[in-house]
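**Student:** Quick one: the structure is below, questions incoming.
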């Protein structure tokens with residue numbers, strides 16, 4: 001896929017741009033090529049592009065985003081297209097409440113390619129929604145989630161009073177928050193995650209693990225990381241935020257993109273991959289949680305068995321057959 005085609009997918013299929021819509025593309029100095037392609041695509045559909053370029057080092061903390069909250073709320077649609085996601089900031093919540101729609105499109109990659117050139121953008125949003133809706137129904141009925149894997153993962157999340165959601169890229173209505181990560185998600189109770197995870201996929205922005213990495217959770221927090229090369233990289237990354245709240249398990253997600261692969265090239269593709277689940281750490285405010293922190297990142301695990309309130313919704317990374325129906 002070329003850059004122009006990727007930009008058209010975002011504008012036409014995900015934002016469903018209308019004539020004279022103001023589309024605010026917020027990026028950083030490393031992604032000017034993508035900003036130009038987005039502007040051309042928006043203008044081709046009769047929309048009005050607005051581009052803001054922020055310093056890349058200020059994005060993850062959310063400080064520079066908070067300063068823009070008033071300006072953001074004037075747009076019909078906002079695209080968060082910096083290297084790092086800021087979907088979980090208060091500024092996004094403010095803009096949504098004032099009628100804007102928001103698409104999280106973190107453009108970070110580990111191989112120098114552009115996210116807008118990746119084939120996984122071709123996933124049909126309707127098909128992802130069809131995969132995810134039965135999972136949503138099961139999560140709404142449940143008060144807990146248990147995940148196990150053949151490698152030894154056995155972890156529980158409590159979700160009483162928490163609402164699940166579904167991302168499939170589409171941000172077409174006022175007040176809707178969407179993500180390029182196609183997934184079912186829910187913010188678990190922040191003090192209740194317990195158990196063991198054997199991480200065999202991705203460490204988000206850091207990339208793939210070289211060998212399975214054992215993690216242990218108590219009272220909602222990551223309390224133990226195996227002392228391996230990957231474990232030391234993961235610990236150093238979390239500690240680089242300078243905020244102990246980054247050790248909080250703040251999101252549970254299930255990938256819905258059947259084109260995505262957990263390759264370590266882009267964390268968005270990794271956590272979207274069908275057949276995986278992910279745990280998000282840190283801030284979860286815009287996801288419906290109540291936890292604030294200096295940032296947000298995710299780890300991805302392959303082939304889970306997932307039970308929601310005792311109901312099996314996924315076996316070895318595959319949903320049971322009725323979930324595949326589009327009709």
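The values are calculated or read from the model by the stated rules, or taken from the named source; none is laboratory data. These numbers come from a predicted model, not from an experiment. Quick reminder, even Gly has a Cβ in these numbers, built from the backbone with ideal geometry, and neighbours come from all protein chains shown.
**Student:** When only residues in the stretch 27-49 that are in a strand (DSSP E or B) and either modelled with pLDDT under 95 or surrounded by fewer than 19 Cβ atoms within 10 Å (Cβ to Cβ) (or both) count, which is farthest from the chain's Cα centre (by Cα)?
**Tutor:** So, considering only residues that are in a strand (DSSP E or B) and either modelled with pLDDT under 95 or surrounded by fewer than 19 Cβ atoms within 10 Å (Cβ to Cβ) (or both), the one farthest from the chain's Cα centre (by Cα) is 48.
**Student:** Exactly one condition in (1) part of a strand (DSSP E or B); (2) more than 16 Å from residue 271 (Cβ to Cβ); (3) out of contact with any helix residue (DSSP H, G or I) (no Cβ under 9 Å at 6 or more places or on another chain) is false for residue 197; which is it?
**Tutor:** Every condition holds for residue 197 apart from (2).
**Student:** Look at residue 284 and say whether it is farther than 23 Å from residue 192 by Cβ and under 17 Å from the mean Cα position of the chain (by Cα).
**Tutor:** No: the conditions fail for residue 284.
**Student:** Sticking with this structure for a sec: Quickly run through the stretch 176-191 and pick out the residues that are under 11 Å from residue 103 (Cα atoms) and surrounded by fewer than 24 Cβ atoms within 10 Å (Cβ to Cβ).
**Tutor:** Correct list: 176, 177.
**Student:** Among the residues of the stretch 50-68, is any crowded, with 16+ Cβ neighbours inside 10 Å, in contact (Cβ under 8 Å) with a residue 60 or more places away in the chain, assigned to a helix (DSSP H, G or I) and more than 16 Å from the chain's Cα centre (by Cα)?
**Tutor:** No, the stretch 50-68 contains no residue that is crowded, with 16+ Cβ neighbours inside 10 Å, in contact (Cβ under 8 Å) with a residue 60 or more places away in the chain, assigned to a helix (DSSP H, G or I) and more than 16 Å from the chain's Cα centre (by Cα).
Table: residues versus (1) under 18 Å from the mean Cα position of the chain (by Cα); (2) without any contact (Cβ under 8 Å) to a residue 12 or more places away in the chain; (3) more than 22 Å from residue 17 (Cβ to Cβ); (4) not assigned by TED's automatic domain parsing to the domain that holds residue 315.
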{"position": "128", "(1), (2), (3), (4)": "yes, no, no, no"}
{"position": "132", "(1), (2), (3), (4)": "yes, no, yes, no"}
{"position": "152", "(1), (2), (3), (4)": "no, no, yes, no"}
{"position": "158", "(1), (2), (3), (4)": "no, no, yes, no"}
{"position": "168", "(1), (2), (3), (4)": "yes, no, no, yes"}
{"position": "194", "(1), (2), (3), (4)": "no, no, yes, no"}
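**Student:** Right, here's the next one. Can you find even one residue in the stretch 159-175 that is surrounded by fewer than 22 Cβ atoms within 10 Å (Cβ to Cβ) and more than 30 Å from residue 14 (Cα to Cα)?
**Tutor:** yes
**Student:** Got at least one residue in the stretch 246-253 being assigned to a helix (DSSP H, G or I), assigned by TED's automatic domain parsing to the domain that holds residue 154, touching a helix residue (DSSP H, G or I) at 6+ places or on another chain (Cβ under 6 Å) and surrounded by 24 or more Cβ atoms within 10 Å (Cβ to Cβ)?
**Tutor:** Scanning the stretch 246-253, I find no residue that is assigned to a helix (DSSP H, G or I), assigned by TED's automatic domain parsing to the domain that holds residue 154, touching a helix residue (DSSP H, G or I) at 6+ places or on another chain (Cβ under 6 Å) and surrounded by 24 or more Cβ atoms within 10 Å (Cβ to Cβ), so the answer is no.
**Student:** Only one of (1) surrounded by fewer than 23 Cβ atoms within 10 Å (Cβ to Cβ); (2) in contact (Cβ under 8 Å) with a residue 60 or more places away in the chain; (3) part of a loop (DSSP other than H, G, I, E, B) fails for residue 146. Which number is that?
**Tutor:** For residue 146, the exception is condition (3).
**Student:** Among residues belonging to the stretch 72-92 that are part of a helix (DSSP H, G or I) and touching a residue at least 40 places away in the same chain (Cβ under 8 Å), point out the one that is surrounded by the fewest Cβ atoms within 10 Å (Cβ to Cβ).
**Tutor:** Checked the stretch 72-92; the qualifying residue surrounded by the fewest Cβ atoms within 10 Å (Cβ to Cβ) is 90.
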